[in-house]
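See structure below.
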Amino acid sequence: MKRIAIFASGSGSNAEQIVKHFNKTGTARVEAIYTNNPKAFVIQRANNLKIPAIVFDREKFYSGDYILRDLLSRKIDLIVLAGFLWLVPGNLNRAFPRKIVNIHPALLPKYGGKGMYGMAVHEAVVDAGETESGITIHLIDDVYDRGEILLQAKCPVLPDDTPESLAERIHQLEYEHYPKTIEKLLGHK
Ligand code: GAR
């Protein structure tokens, strides 16, 4: 059984979908949810799902190997970023080569980079008058929103879309594709 760690900074709706997906398939298990945000709703979700939630600060994430040791002690095979705000430090990248996957709520390389997170992305897409957007699932490296693309899926941006209505459509795409792409990455399909 493969072991997954999820990193999330906010609501955690993707995290919840992933936990539920693997509870159903039994092909892997989410061992822990890590967050940099002590107020994040994902902590509540983790409690409800009976998954340990680990909260850390900048110091613990970027200095020393607190997080790395915790991941190794749980024998984690794959790290899944699901709405995670901070750049992953080099020691984690080196310890998990091709084993850290991220989801971005736009069609990279468009609307990526530092500060491009969640609603800020949808606002930029709507403001630019784009007629389509989508999601990008990619391996990570040491630059924000770069790294090998595993999957992109598109959806329309409608003339009367607001950032909120677009976010809702994008979330549905994410729920459909992220768990399945993780499954593939783990070598199950
Ligand atoms: C998701 O739409 C995800 O693609 C995005 O944050 C949202 C988190 O929603 N990630 C990024 O913007 C990364 N740059 P959730 O907390 O409900 O899963």
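The values are calculated or read from the model by the stated rules, or taken from the named source; none is laboratory data. All figures in this text were calculated on a predicted structure; none of them were measured in a lab. Virtual Cβ from ideal backbone geometry, glycine too; neighbours counted across all protein chains shown. In case anyone asks, the SASA skips ligands and DNA or RNA and just uses the protein heavy atoms, side chains included. Shrake-Rupley method; radii C 1.70, N 1.55, O 1.52, S 1.80 Å.
Please figure out what share of the DSSP beta bridges in the chain is antiparallel and state it in percent, rounded to the nearest 5. It would help to have the intermediate numbers written out before the result.
Numbers: 11 of 27 bridges.
Looking only at bridges with both residues in the chain, the antiparallel portion is about 40 percent.
Could you work out the relative contact order of segment 1-63? I mean the mean sequence separation of Cα pairs under 8 Å and 6+ apart, divided by the number of residues, in percent.
Working: 98 pairs, mean separation 22.5, N = 63.
The value is 36 percent.
List nothing, just return the count: lysine pairs in the chain, 8 or more apart or interchain, with Cα separation under 20 Å.
Close lysine pairs found across the chain: 29.
Where does the chain land at 222 nm, in deg cm²/dmol rounded to the nearest 500, when only DSSP H runs of n ≥ 4 count, each adding -39500 (n - 2.57), divided by all residues?
Values: 7 runs with 73 residues, N = 189.
The per-residue figure over the chain is -11500 deg cm²/dmol.
Leaving out ligands, DNA and RNA, what percent of the accessible area of the chain is carbon and sulfur, probe 1.4 Å? Walk me through the intermediate numbers first.
Numbers: 4890 of 9360 Å².
Answer for the chain: carbon and sulfur cover 52 percent of the accessible area.
Bin width 5 Å, alpha-carbon pairs only: give the P(r) of segment 94-153 as whole percents, running from 0 to the bin holding the largest distance.
Reading upward from the zero bin: 4, 19, 31, 22, 14, 7, 2, 1, 0.
Dipole of the chain, Cα-centred, from +1 at each Lys and Arg C-beta and -1 at each Asp and Glu C-beta, to the nearest 20 debye? All intermediate terms of the calculation are to be shown ahead of the outcome.
On the way: 24 positive and 22 negative charges, 226 e Å.
Rounded to the nearest 20 debye, it is 1080 debye.
Is the C-alpha gyration tensor of segment 107-189 telling us rounded, prolate or oblate? Criteria: a/c under 1.5 is rounded; beyond that, a/b larger than b/c is prolate, otherwise oblate. Can you show the working numbers first?
Values: a/c = 2.50, a/b = 1.47, b/c = 1.70.
It is oblate, given that a/c is not under 1.5 and a/b is not larger than b/c.
Taking every pair of alpha-carbon atoms in segment 1-119, give the share separated by more than 25 Å as a whole percent. Intermediate values should be presented prior to the final figure.
Values: 1311 of 7021 pairs.
Cα-Cα pairs in segment 1-119 separated by more than 25 Å: 19 percent.
Each residue of segment 55-71 in turn: what ³J(HN,Hα) in whole Hz from Karplus with 6.51, -1.76, 1.60 and θ = phi - 60°, glycine and Pro shown as x?
9, 9, 10, 4, 4, 5, 7, 9, 10, x, 10, 3, 5, 4, 4, 5, 4
Accessible surface of Y66 in the full protein assembly, 1.4 angstrom probe, to the nearest 10 Å²?
80
May I ask you to give the solvent-accessible area per residue for the chain, in square angstrom, as obtained with a 1.4 angstrom probe?
Working: 9360 Å² over 189 residues.
Value for the chain: 50 Å² per residue.
Using the Cα centre of segment 1-84 as origin and beta-carbon charges of +1 (Lys, Arg) and -1 (Asp, Glu), tell me which of F41, G26, L71 is placed farthest towards the positive end of the dipole.
G26
Of the listed peptides 96-105, 67-76, what is their order by residue-averaged count of other C-beta atoms within 10 Å, with the highest listed first? Write out the running numbers ahead of the final one.
On the way: 96-105: 20.3, 67-76: 15.3.
Final packing ranking: 96-105, 67-76.
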